[in-house]
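S.K.: One structure coming up, written as structure tokens, with questions to follow.
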Amino acid sequence: MQTELLLPENEPVLVSGLEIRTDGVLPALFAKQSDLVKKGWHARVADNPYLFNGAVYLTGNITLQDGCLTGHAARTDYANFLHWRGNTPFQNVVGLHHIFPAAAIESADGILVAVRASSTTINSGKVYFAGGNFDDDDVVDGRPDPYHNMRREVLEETGLDLSAMSEGDGWIAVRSHRFIAVFKPYKSLQTAADLATMILSHVGKQTAPENDACILVRDARDITSNMPLYMQAYCRYCFKS
């Protein structure tokens, strides 16, 4: 599966939408490295028993068509994804990207509301907007629904309801190497302090929460090195606007 990449590195690009089809084919190299995948997965689960080997989609043939980001996604599992994620030479050979939507929540008082990943996740300590990978529940008629994904992930991780917020125009896509975050702005009627209280209350009721803190990003001075590069780029874009 070849990828036609039209997005610059770590530079926000305004796009009109996200149209991914789940008709991609996973490259045979994954099967050829199945023993390495299993070995790596067993080692990770031994260190972190909270990991779950659910469905993940990796996308190829990515293009911009009339402003819309399109691609063809292949279904795989989290073990394969982690093998791909941590192996740059392997990524370069198979030529796929990980595309995912992210609800960029802004409070009523103009503060971006992010979370910090807990030790139960593979991204422990990283700061970004609540969200996650497309999974099978997000797929309708052969297309992952980014809105369903964001509503589900944000509600699960924070207890916040995106339907109670106003949706911004367009999407902002940022590519960091082979990860493409596609941000959708949302504006809450609640202040940042109130949102933080709601998130921490929700997290406090969970046995193994995916996040352990709410991080408020007020301006560029709050951009930190534990944010993925795509998150840093998006925050800088917001504060320049």
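The values are calculated or read from the model by the stated rules, or taken from the named source; none is laboratory data. Model, not experiment: these values are computed from the prediction. Counting neighbours? That spans all protein chains shown, and the Cβs are built from the backbone with ideal geometry, glycine included. Protein only, heavy atoms only, side chains kept; ligands, DNA and RNA dropped before computing areas. Shrake-Rupley method; radii C 1.70, N 1.55, O 1.52, S 1.80 Å.
S.K.: Kirkwood hydrodynamic radius for the range 88-200: how many Å is it when counted over pairs of different Cα atoms?
M.R.: On the way: mean 1/r = 0.0662 Å⁻¹.
With all distinct Cα pairs of the range 88-200 included, I get 15.1 Å.
S.K.: If you take the charge dipole of the range 1-154 about its Cα centre, with +1 on Lys and Arg Cβ and -1 on Asp and Glu Cβ, which of GLY40, GLN91, GLY24 is farthest toward its positive end?
M.R.: Of the options given, the answer is GLY40.
S.K.: What number results when the radius of gyration of the range 185-241, computed over Cα atoms, is divided by 2.2 N^0.38 Å?
M.R.: Details: Rg = 13.1 Å, N = 57, 2.2 N^0.38 = 10.2 Å.
The value comes to 1.29.
S.K.: Related question: Roughly speaking, to the nearest percent, how much of the range 37-122's 1.4 Å accessible area is carbon and sulfur?
M.R.: Numbers: 1730 of 3490 Å².
In the range 37-122, the share of accessible area belonging to carbon and sulfur is 49 percent.
S.K.: Using only Cα atoms, what Kirkwood radius does the chain have, in angstroms?
M.R.: Working: mean 1/r = 0.0544 Å⁻¹.
It is 18.4 Å.
S.K.: Which pairs, out of LYS32/LYS126; LYS126/LYS187; LYS184/LYS240; LYS38/LYS205; LYS126/LYS240; LYS126/LYS205, put more than 26 Å between their alpha-carbon atoms?
M.R.: From the list (LYS32/LYS126; LYS126/LYS187; LYS184/LYS240; LYS38/LYS205; LYS126/LYS240; LYS126/LYS205), the Cα-Cα distance tops 26 Å for LYS32/LYS126; LYS38/LYS205.
S.K.: With +1 assigned to the C-beta of every Lys and Arg and -1 to the C-beta of every Asp and Glu, and no other charges, what is the dipole magnitude of the chain about the Cα centre in debye, to the nearest 20?
M.R.: Working: 21 positive and 28 negative charges, 147 e Å.
Here the chain has a charge dipole of around 700 debye.
S.K.: Between GLY95 and residues 5 or more places away or on another chain, which pairs have amide H atoms under 5 Å apart, with H built 1.01 Å from N, and which residues are they?
M.R.: When sequence neighbours closer than 5 places are left aside, there are no close amide H contacts.
S.K.: Find out how many positive minus negative residues lie around THR70, taking Lys and Arg as positive, Asp and Glu as negative, among other residues whose Cβ is under 9 Å from that of THR70. Walk me through the numbers on the way to the answer.
M.R.: Numbers: positive: ARG21; negative: GLU19.
With Lys, Arg at +1 and Asp, Glu at -1, the net is 0.
S.K.: Now a separate question. Quick one: accessible area per residue over the chain, 1.4 Å probe, rounded to a whole number of Å²? Please list the in-between numbers first.
M.R.: Values: 11400 Å² over 241 residues.
That works out to 47 Å² for each residue.
S.K.: How many percent of all Cα-Cα pairs in the range 156-204 sit more than 17 Å apart?
M.R.: 50 percent
S.K.: Could you tell me what percent of the DSSP beta bridges with both partners in the chain are antiparallel, to the nearest 5? Spell out each step's value before the answer.
M.R.: Values: 31 of 46 bridges.
Bridges in the chain that DSSP calls antiparallel: roughly 65 percent.
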